[in-house]
Each structure stands twice: as C-alpha cells, then as structure tokens.
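Notes for the one structure printed next.
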Amino acid sequence: MQENLVIVESPAKAKTIENFLGKGYTVTSCMGHIRDLQKKDFGIDLEKKYQPKYVISPDKKKIVAELKKLAKGAQTVWLASDEDREGEAIAWHLKEVLKLDPERTKRIVFHEITKEAIQRAIENPRTIDENLVNAQQARRVLDRIVGFQVSPVLWKKVKPALSAGRVQSVAVRLIVEREREIINFKSETWYRVNGIFLAKDENGNPAELKAELSKRFPTKEEAYAFLEKCQSAEFTIANVTKKPAKRSPAQPFTTSTLQQEASRKLSFSVSQTMAVAQRLYEAGKITYMRTDSVNLSNLAINTAKQKITELHGEEYVKVRRYHTKSKGAQEAHEAIRPTYMENETVGGSAQEQRLYELIWKRTMASQMADAKLERTNVTISVSTAPEVFTATGEVIVFDGFLKVYMESTDDENGHGHGHGNGGQDIIPPLKANDVLSMSSVVATQRFSQRPPRFTEASLVKKLEELGIGRPSTYAPTITTIQNRNYVEKEDRPGVERKFDIITLKNGNISEATNTEITGAEKSKLFPTDIGMVVNDFLVENFEQIMDFNFTANVEKEFDDIAEGQKVWNEMIDKFYKPFHGQVEDVLKNSERSKGERILGTDPKTGKQVSVKIGRFGPVAQLGEASTEEDSEKPQFASLRTGQHLETITLEETLDLFKLPRDLGEYENKKVTVSIGRFGPYIRHDNKFVSLGKENDPFTVELDKAVELIEAKREKDRKAVIKVFDEEPELRVLNGRWGPYISFQKKNYKIPKKVNAEELTLEDCRKIIEEAPEPKGRRTRKKK
DNA sequence: CAGTGAGCGAGCTTCCGCTTGACTT
C-alpha cells in the first residue's frame with residue numbers, strides 16, 4: 001500500500017516533485033479542474049440559492065477514475081494544487097469527488113519547487129479554505145449567468161450562435177471603440193523644421209550637428225517665412241548641457257509580457273507563443289508559462305549571476321528581486337525563465353530556439369546592471385528669429401544590461417519616416433557662443449498620427465491592465481473573438497500621401513512635393529460588421545457588463561468573500577436580481593438589431609438606399625419593404641470584401657446595384673459579369689471565369705471577357721492529363737498541388753513516385769480502392 | 001462556388017479558468 005498520494009495540477013510539476021519526495025510518496029496530477037457546471041439547463045439552481053450543479057468534465061473521466069483508485073490505496077492524500085482561488089477550488093472538488101476522508105486528507109501549498117520548500121509544505125499542512133472556494137464558486141457562477149443569459153438574447157435580437165461574456169465582450173468593445181476613434185480621426189498637419197549645421201569633431205574633422213526647431217509652424221507660409229529669415233541669420237550656440245542618465249532592464253517575463261515581446265520581436269501570434277512555450281516547458285527547458293508572477297527563485301538568481309559574471313564580468317551583475325504588484329498574484333509561481341540559466345541555447349524547432357533565446361536574454365538582463373548614458377542638449381539661437389534649434393545626443397557610457405537585451409515598444413510612430421528627427425548619438429564638442437555655419441534648413445510637412453490599432457498582444461496588454469482575464473485565458477479569448485467573427489486579424493496596404501518640403505540650401509529656397517505610404521497595417525485586429533452591431537447592442541442594453549471596470553468591481557467582492565466578509569450566494573443574488581430583470585426587459589422590449597444605416601436616396605429612382613446585416617452577412621438595399629400588396633420588392637446586393645456598414649458611402653452602395661452587367665454575346669450566348677463570393681467573375685454558357693484583380697467588373701468590356709474565357713478554356717484543356725474511354729467518369733487531372741485522380745466527384749492522391757502520364761486505368765482503380773477512408777467527423781464550426 | 005434577403009418551427013448555439021493531448025490540414 002502506497003503511504004502518501006500527492007496531487008498537483010500539472011504532470012510536469014508532478015514529475016519534479018516526485019524526485020524531491022522520494023520513497024513513500026506517489027505524486028500525480030489532476031490536469032486542472034476536474035468538475036464544472038453542467039452545460040445543459042443552465043447548471044445553476046436558481047430555486048436553491050444559486051446552488052451549482054457540478055458534473056465531471058467529460059475529458060477528465062479517465063483521470064478521475066485513476067485518482068479514485070490511487071486515493072483508495074493511500075494512507076494520506078495531499079492536495080497540492082495552486083495557492084489561488086482556482087487552485088483552492090480544485091482541491092475542494094478533488095476532496096468532494098474522491099470522497100476523501102478529512103482525517104486522511106491534507107491541503108498543502110508550495111512557494112517554490114525546491115526540495116526545501118516542498119519539505120516545508122509537507123510539515124505545514126492546513127485544511128481547505130472554504131471562503132476561498134466560495135469566492136471561486138461566485139466567480140464561476142457569475143460568469144455562467146452572464147454568458148448563458150446574455151448570449152441567448154443575442155440569438156434572438158441579432159443572430160443565432162453569437163456569444164457574450166464578461167471577458168470577450170469587453171475585449172471586442174476595446175477594438176470597436178478604437179476603430180471608431182480611427183474612423184473619426186482628423187489628421188492635423190504642421191511643418192517641422194530641421195537644421196544641419198557644421199562643426200568639428202574631437203580630431204578637428206568636419207562633423208554635422210543635426211537639430212530640430214523647437215517650434216512647429218501650422219502653415220506652409222509661416223514655415224516659408226522662417227526659412228527666409230534663416231537666409232541671412234547667424235547661428236550661435238546658446239547653451240550646452242550634459243546630464244547623466246540611466247536605463248534599467250525590464251522585469252522577467254509573465255505570460256502577458258512574453259506574448260507581447262514574442263509578438264514584437266518574433267512576430268508570433270499569442271496562441272503560437274503559448275504553444276511553443278508549452279513545448280519548452282514540457283521538455284523541461286523553461287518554467288511554467290501561464291503566470292502573472294515576476295518572481296525569480298534564489299537558485300535562478302544565483303545561476304544567472306554566475307553566468308553573467310562568466311560572460312561579461314562582475315561589473316555587469318546587479319541582483320534584483322521583482323515583486324508582482326497585482327493583488328492575489330502568486331508568489332508561489334515564478335516568472336517565465338529558463339530552468340537552467342547556464343543553457344544559453346537549446347535544441348528543438350527554430351521557433352522553440354528563438355523563444356527560448358528571448359526568455360534567456362530577458363531573464364539574464366533582469367539581473368544585470370543599469371545602462372549608464374550621457375545626454376547632451378544643445379540650444380542654437382537664430383539671430384533673425386526668436387525661435388531656437390535644439391539638438392539632443394545620447395551616448396552610452398556603460399552598456400550594462402543593454403549588452404544582452406532591450407525591450408521593444410508598440411509605438412509604431414516612434415522612429416519617424418526617415419525625414420530626420422533632430423536626434424543623433426554623438427554631439428560634436430561645442431561650447432556656448434560658438435558660431436556655426438549652416439548647411440541646410442528644411443521644413444517638412446508632418447501629420448498627426450491616428451491611434452494605433454490593436455495587435456493580439458497589445459490587446460492582451462490592455463486587458464491585463466484592466467484586470468480582465470487570466471494568464472490561462474488570454475490566448476483562448478483572443479481566439480474566441482476571432483472565431484465568433486467579431487474581430488479579424490488582417491493586413492491592410494497603406495495609402496499614398498503627399499507632403500511638402502521646403503529646403504534652404506546654399507542661400508536658395510526651393511519647394512518640392514514628395515509622397516510617402518501611410519497607414520499600412522500588418523496583423524492588426526479589425527472589428528467586423530457583426531462585431532460592431534453586437535457591441536453596440538450590448539453597450540446599449542447591458543451597460544454594467546460592458547463597463548471596463550465591471551471585472552475590477554466584482555473582483556473586489558470576490559476578495560471580500562475570500563476573506564469571509566461576504567456570503568457568496570448573497571453577493572450573487574444582489575447581482576442576479578436586477579441583472580435578470582434587465583435580460584427580461586431587453587427580450588421583451590428591445591428592437592431587433594440589424595445595424596441598419598440609411599445612406600440617402602438613389603438619384604435615378606428616388607428609392608431609399610440603406611445597408612444592414614442580412615441573413616447572409618452585410619447587404620445593401622435599394623427601396624423599402626412594404627406590407628402593401630403588389631408593391632415592389634426592394635433590391636439587395638451583398639457588400640464586397642473590404643466594404644463595411646460603418647464606412648460605406650452612398651456612391652459605393654449604388655455601384656453594387658450595377659451588377660450583374662450584360663456585356664453582349666459570344667458564340668450566341670450571353671456574357672455577363674458580376675461579383676461572387678470569390679470576387680468578380682464572368683459568366684458565359686453556364687461557365688464561370690474569374691476576372692482577377694486587374695480587371696474591374698464595372699468597366700470591363702466584351703473583348704477582354706472573351707480573351708479571359710478563351711484563356712480559361714486553354715487552361716482547362718491542359719488540366720486534363722488523361723481520360724479513359726471505358727470509364728468516362730475517371731480522369732487524371734492537373735490541380736493546384738499537382739496531378740490527381742478525379743472519380744465520381746471525389747479526388748484521390750497519386751503517390752509521389754508514380755508518373756501520372758503513364759497511369760493505366762488499372763493503376764487508377766487500384767489507387768482509388770486503396771485510398772484511405774476520410775477519417776473522423778468534419779468539424780462543425782468553420783472559421 | 002458563382003445564391004440567397006418570406007415565414008414557420010425544431011433543435012441548436014453560449015460563459016471563464018484550470019490543465020493536456022488527440023485530432024486534421
């Protein structure tokens with residue numbers, strides 16, 4: 001009989017701990033929560049004070065059976081789940097489900113995964129903290145109430161299969177509101193003036209001093225006038241100051257900061273980061289990747305110190321202890337760090353290697369000395385004008401942590417567009433009253449930047465700041481709002497923008513107009529039409545849930561429950577009563593929401609032009625539906641990809657009704673052009689030919705269409721490699737991925753070694769016969 | 001694949017947080 005059974009949450013942890021405990025202890029894992037509210041019939045008994053109806057999660061049945069067996073054979077069961085709200089609940093569910101005898105059950109928590117810490121935990125067992133468990137039950141019940149009562153309202157009032165929740169709905173709101181800020185953004189313009197002056201460096205060689213005028217000019221005329229003044233001006237150093245400055249390393253990684261940096265530096269999506277981190281964790285190369293702690297173990301700090309000394313010398317070491325600020329953060333957990341600091345690199349896939357390297361550098365830097373800088377500020381006065389030029393230089397005196405790692409920022413506007421920003425590293429030696437000769441003064445038209453769109457990672461950052469969601473849910477939440485089609489991750493090309501440049505050089509002033517690309521986006525989150533409609537509906541009708549502080553407010557109450565100051569189902573009752581009233585009221589009284597926008601009237605027919613969400617997505621409508629008999633039905637046309645309810649104009653909408661267009665006849669059959677799901681196409685003789693990107697369906701002519709039809713026929717001819725007279729249904733075709741066999745509407749792969757040209761009918765039949773049955777069910781949800 | 005946009009009604013959808021695989025493309 002096994003004396004002791006220790007149950008932890010994750011199997012990797014179990015393995016480590018078993019090694020520390022040695023004989024007499026079996027360590028196993030329960031893989032997180034083993035029970036949850038039942039999914040059907042709400043899962044909460046509203047008649048019995050919100051009593052939760054728990055069921056064993058289907059994917060945990062096997063684990064529970066195994067745990068039962070092990071617990072039966074153990075003298076003492078040690079519940080060693082995490083020390084937070086969820087962990088406490090896991091311990092309690094285990095106790096309930098495994099029907100553990102209180103006499104032989106002990107609750108322990110580790111503050112660190114070391115032999116000493118575990119030994120200490122074993123020596124200091126406690127009982128399950130019922131208050132903490134109740135705080136978790138309140139959290140769980142509240143989330144179920146919100147999710148399962150608001151979602152059905154959406155099914156009725158907007159569209160079936162939609163969802164709402166405490167976390168996801170607020171995440172969508174952030175993106176929708178940001179998009180509207182961008183739509184309504186009015187760019188301002190001004191003129192920035194940069195001067196290049198001539199000086200001498202330490203060795204007496206010519207050196208440039210780049211400076212920016214402290215004033216921006218709102219108009220071209222004012223900028224021009226200033227340059228005219230500069231023509232005859234004398235430029236004098238008014239002031240030189242030098243100040244020391246320092247920069248400190250960033251904290252070690254948490255889930256959220258890892259996702260951000262992997263996104264910025266490696267272009268990983270948040271779920272990709274988590275999947276790669278999971279593999280590193282399972283291979284024992286990094287510590288646990290779902291954490292909000294910045295704490296490093298003593299062991300980690302010491303080995304980092306050694307490694308830094310070994311690689312860079314002792315002066316680069318600075319031991320720093322980081323503490324997580326957020327309340328209820330788990331000091332038991334550690335920051336994400338390499339398990340063995342001495343390993344600079346690891347094997348594995350390229351992605352694993354890159355993510356590991358990032359984690360290693362960040363951890364190292366966190367224990368390294370500050371970088372010391374010297375900042376120089378120079379002011380240059382202009383004899384003919386009150387404005388001054390300033391130049392700022394920054395020289396690294398001691399690199400410190402910068403030797404290994406520098407955190408990136410999301411600031412996409414930071415480093416201008418190559419028009420000079422007035423800054424430079426090294427400032428030539430100068431002193432006050434030096435007179436400089438001017439090489440050039442350039443006024444450049446600049447524009448204020450619209451707010452940036454969210455990336456997956458910057459959205460996680462924002463959610464974390466708002467206290468919404470947990471390390472284990474950031475990635476799934478981001479995935480959910482994309483799967484529900486509330487949000488899309490997209491690239492968008494920028495647009496060309498013209499800007500003026502006025503240059504003073506060699507005493508002459510010249511003007512020019514340049515162009516630049518602006519507003520290009522890569523992997524940014526855009527709200528969809530349905531996302532916007534759902535968001536507006538929820539903000540209008542469920543303000544409390546959609547409030548950015550809703551989570552923070554209920555968290556305070558959960559804390560009160562955890563401290564025994566509040567009774568959990570009383571707290572839920574206070575929330576539920578008014579909330580449920582609201583749900584009923586909205587169901588009864590609110591209008592169906594279709595996001596309808598009336599754009600104006602069609603000048604030709606005088607009919608109303610509008611857009612809305614239809615059964616099959618966003619649709620434009622010409623004319624109004626009427627209840628009268630024999631009244632004309634309105635015309636409909638789907639919006640094209642890239643067009644949105646919020647931004648489409650009357651003209652763009654009217655264009656949609658110009659299709660399908662009749663181009664005339666070819667071979668006595670009608671040729672028409674239209675736009676379908678896969679873009680613009682030509683229809684002729686019941687065949688379809690894609691128009692491609694280069695041809696506009698609104699202007700394309702018959703000649704071009706015929707050309708495309710012929711090209712398609714030629715391509716189709718080439719597509720057929722072989723036909724057999726005996727079996728007309730069987731053909732060898734050339735597809736996108738090479739040759740394949742088509743038979744009775746099904747396609748079959750040809751083995752790589754086989755030359756498709758030489759296939760006989762017998763060969764083909766054999767391939768079809770031996771083709772593996774398509775396994776498994778098709779996933780119901782399509783993205 | 002190249003459309004749809006009327007209405008009825010059955011049966012379904014949905015939350016957040018803990019954890020890993022087991023699946024297919």
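Is it the case, given these coordinates, that A:Ser263 is within 30 Å of A:Ile359 (Cα to Cα), crowded, with 22+ Cβ neighbours inside 10 Å and modelled with pLDDT of 95 or more?
yes
Quick check, is A:Lys588 exposed (fewer than 14 other Cβ atoms within 10 Å of the Cβ), under 30 Å from A:Gln544 (Cα atoms) and not assigned by TED's automatic domain parsing to the domain that holds A:Ala705? Answer is yes for this residue. With respect to A:Phe226, determine if the residue is among the hydrophobic types (A, V, I, L, M, F, W, C) and surrounded by 17 or more Cβ atoms within 10 Å (Cβ to Cβ). Judged against the criteria, A:Phe226 is a match. In segment A:673-728, which residue that is within 13 Å of DNA strand B (Cβ to nearest atom), part of a strand (DSSP E or B) and among the basic types (Lys, Arg) is nearest to A:Ile741 (Cα to Cα)? Here the answer is A:Lys687. For the structure I just gave you, tell me whether A:Leu162 is assigned to a helix (DSSP H, G or I) and within 16 Å of DNA strand B (Cβ to nearest atom). No.
Assessment of segment A:139-146 against the conditions (part of a helix (DSSP H, G or I), over 29 Å from A:Asp585 (Cα atoms) and within 27 Å of the chain's Cα centre (by Cα)) yields no matching residue.
Considering A:Gly73, A:Gly87, the condition of being near DNA strand B (Cβ under 8 Å from one of its atoms), in the same structural domain as A:Pro11 (by TED's automatic domain parsing) and in contact (Cβ under 8 Å) with a residue 60 or more places away in the chain is satisfied by A:Gly87 alone. Here's a check for you: in segment A:166-208, which residue that is of a type in the set (S, T, N, Q) and surrounded by fewer than 20 Cβ atoms within 10 Å (Cβ to Cβ) is nearest to A:Asp529 (Cα to Cα)? Within segment A:166-208, the match that is nearest to A:Asp529 (Cα to Cα) is A:Asn184.
Here A:Asn747 does not qualify as free of Cβ contacts under 8 Å to residues at least 40 places away in the same chain, surrounded by fewer than 11 Cβ atoms within 10 Å (Cβ to Cβ), within 15 Å of DNA strand B (Cβ to nearest atom) and over 30 Å from A:Asp602 (Cβ atoms). Taking the criterion of being out of contact with any helix residue (DSSP H, G or I) (no Cβ under 8 Å at 6 or more places or on another chain), of a type outside the set (S, T, N, Q), within 17 Å of A:Ile182 (Cβ to Cβ) and in contact (Cβ under 8 Å) with a residue 12 or more places away in the chain, would at least one residue in segment A:496-513 satisfy it? Yes, segment A:496-513 has at least one match. Looking at segment A:483-550, the strands (runs of 3 or more DSSP E) lying wholly inside it that each contain 1 or more residues that are more than 30 Å from A:Ser440 (Cβ to Cβ) sit at A:487-492, A:521-527.
Hey, could you check segment A:44-56 for residues that are within 13 Å of DNA strand B (Cβ to nearest atom), under 27 Å from A:Phe575 (Cα atoms) and not charged (D, E, K, R) and say which is surrounded by the most Cβ atoms within 10 Å (Cβ to Cβ)?
Step one: filter segment A:44-56 for residues within 13 Å of DNA strand B (Cβ to nearest atom), giving A:44, A:52-56.
This time we only want the ones that are under 27 Å from A:Phe575 (Cα atoms), so: A:44, A:52-55.
Subset that is not charged (D, E, K, R): A:44, A:52, A:54-55.
On the way: A:Ile44: 21, A:Pro52: 17, A:Tyr54: 18, A:Val55: 12.
Per the stated criteria, the residue is A:Ile44.
Every test in (1) over 30 Å from A:Ile182 (Cβ atoms); (2) more than 14 Å from DNA strand B (Cβ to nearest atom) is passed by A:Arg597 save one, and that test is (1). Count of segment A:303-345 residues, restricted to those that are at pLDDT 95 or above, out of contact with any strand residue (DSSP E or B) (no Cβ under 9 Å at 6 or more places or on another chain) and basic (Lys, Arg), is 2.
Got at least one residue in segment A:36-43 being of a type in the set (A, V, I, L, M, F, W, C) and within 12 Å of DNA strand B (Cβ to nearest atom)? Yes; the residues of segment A:36-43 include at least one that is of a type in the set (A, V, I, L, M, F, W, C) and within 12 Å of DNA strand B (Cβ to nearest atom).
Would you confirm whether any residue within segment A:448-469 is small (Gly, Ala, Ser) and either within 16 Å of DNA strand B (Cβ to nearest atom) or within 30 Å of A:Asn203 (Cα to Cα) (or both)? Among the residues of segment A:448-469, at least one is small (Gly, Ala, Ser) and either within 16 Å of DNA strand B (Cβ to nearest atom) or within 30 Å of A:Asn203 (Cα to Cα) (or both), which makes the answer yes. Restricting segment A:165-185 to residues that are assigned to a helix (DSSP H, G or I) and away from DNA strand B (no atom under 16 Å from the Cβ), the residue that is farthest from the chain's Cα centre (by Cα) is A:Ile183.
When segment A:9-25 is limited to residues that are free of Cβ contacts under 8 Å to residues at least 60 places away in the same chain and crowded, with 17+ Cβ neighbours inside 10 Å, the one that is farthest from DNA strand B (Cβ to nearest atom) turns out to be A:Tyr25. Scan segment A:569-619 for residues that are in a helix (DSSP H, G or I), basic (Lys, Arg) and within 33 Å of the chain's Cα centre (by Cα) and the total you get is 0.
If I ask for residues that are surrounded by 14 or more Cβ atoms within 10 Å (Cβ to Cβ) and either of a type in the set (Gly, Ala, Ser) or in a helix (DSSP H, G or I) (or both), which ones from segment A:116-129 would you list?
Within segment A:116-129, the first condition is being surrounded by 14 or more Cβ atoms within 10 Å (Cβ to Cβ), and the residues that meet it are A:117-118, A:120-122, A:125, A:128-129.
Result: A:Ala117, A:Ile118, A:Arg120, A:Ala121, A:Ile122.
Every residue, every condition in (1) outside the structural domain of A:Gly469 (by TED's automatic domain parsing); (2) assigned to a loop (DSSP other than H, G, I, E, B); (3) touching a residue at least 12 places away in the same chain (Cβ under 8 Å); (4) under 34 Å from the mean Cα position of the chain (by Cα), yes or no:
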site	(1), (2), (3), (4)
A:Tyr281	yes, no, yes, yes
A:Tyr288	yes, yes, yes, yes
A:Val294	yes, yes, yes, yes
A:Lys325	yes, yes, no, yes
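The values are calculated or read from the model by the stated rules, or taken from the named source; none is laboratory data. Values in this document were obtained by computation on a predicted structure and should not be read as measured data. Methodologically, a virtual Cβ is constructed for each residue, glycine included, from the backbone with ideal geometry; neighbour enumeration extends over all protein chains shown.
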